[in-house]
Amino acid sequence: LQTVRDIGLLNSVPGLSVPFLASAFGIFLIRQGFLGIPKDLRDASELDGYGHLRFLFKVAVPMTKPIIGSFLVISFLGAWNQYVWPRFATDQNRWQTVQVALRTIGSENPDQLNLGFAAAIIAAIPLLILLIFFQRQIVRGLTAGAVKG
């Protein structure tokens, strides 16, 4: 707790989000997506005068958009469902995350299950919106390597 406080991450948005910005799974998934880009496209872009950054933003990222979108959804779901880190990185109730609040509602009102269910449904709304928004990228990302040929 002292280290988190010394770095300035206690009770802050960066303190709740920075630990989830990178993951080994994300690095592997996006790397594999970039390795799947044919070398011929890189050669063609060099002939067209594209530099490294222009190739990255004009060719590579659009081609891997389904994979990046799938990773964003997976990583957001993982960060959204965290319970331990938000308990560790906060000590004020106003910085309480949804999962911590759901746990508090469940433990404070064990005889009123309807409150817990209502809170869980409300907490699921942002996830549903995210899944609907990224639905096309998720399906494309999951089926990217499924068809041979």
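The values are calculated or read from the model by the stated rules, or taken from the named source; none is laboratory data. The structure displayed is predicted, hence computed values, not measured ones. Glycine gets a Cβ as well: all are built from the backbone with ideal geometry, and neighbour counts include every protein chain shown. For accessibility, only protein heavy atoms count, side chains too; no ligands or nucleic acids. Shrake-Rupley method; radii C 1.70, N 1.55, O 1.52, S 1.80 Å.
Give me the percent of the accessible area of the chain that comes from carbon and sulfur atoms, probe 1.4 Å, all protein chains in place. Could you put the intermediate results ahead of the total?
Numbers: 6900 of 10620 Å².
For the chain, the apolar C and S fraction of the accessible surface comes to 65 percent.
With a point put 7 Å past each Cα toward its Cβ, work out how far Thr143 is from Ser17 in nm, to one decimal.
Roughly 3.3 nm, to one decimal.
Computed over the Cα atoms of the range 38-91, what is the convex hull's projected area averaged over all directions, in nm²? Provide the component values of the computation, followed by the final result.
On the way: hull surface 21.6 nm².
Its Cα hull, projected and averaged over all orientations, spans 5.4 nm².
At 10 °C and a viscosity of 1.306 mPa s, what translational diffusion coefficient does Stokes-Einstein give for the range 1-129, taking Rh as the Kirkwood radius over Cα pairs? Give it in µm²/s as a whole number. Show your work: numbers first, answer last.
On the way: Rh = 17.9 Å.
The estimated diffusion coefficient comes to 89 µm²/s.
Just subtract the alpha-carbon distance of Ile122 and Leu35 from 0.36 nm times their residue separation and send over the number in nm, one decimal. Each step should come with its number before you reach the end.
Numbers: separation 87, 0.36 × 87 = 31.32 nm, distance 3.97 nm.
Length difference between fully extended and current span is 27.3 nm.
Could you work out how far helix 113-133 tilts from the main Cα principal axis of the chain, as a 0 to 90 degree angle to the nearest 10?
10 degrees
For the range 9-53, just say rounded, prolate or oblate: build the C-alpha gyration tensor, square-root its eigenvalues into a ≥ b ≥ c, call rounded for a/c under 1.5, and beyond that prolate if a/b exceeds b/c, oblate if not. The partial results should precede the final answer.
Working: a/c = 8.13, a/b = 2.50, b/c = 3.25.
It comes out oblate by the Cα gyration axes.
Taking only protein heavy atoms and a 1.4 Å probe, what accessible area per residue, in Å², does the range 1-78 have with all protein chains in place?
Numbers: 5140 Å² over 78 residues.
Value returned for the range 1-78: 66 Å² of accessible area per residue.
In terms of the Cα gyration tensor, with a ≥ b ≥ c the square roots of its eigenvalues, is the range 68-121 rounded because a/c is under 1.5, prolate because a/b exceeds b/c, or oblate?
Oblate is the answer for the range 68-121, as a/c is 1.5 or above yet b/c matches or exceeds a/b.
Treat each spin label as a single point 7 Å out from the Cα along the C-beta direction, and report the Ile74 to Trp95 distance in nm.
3.0 nm
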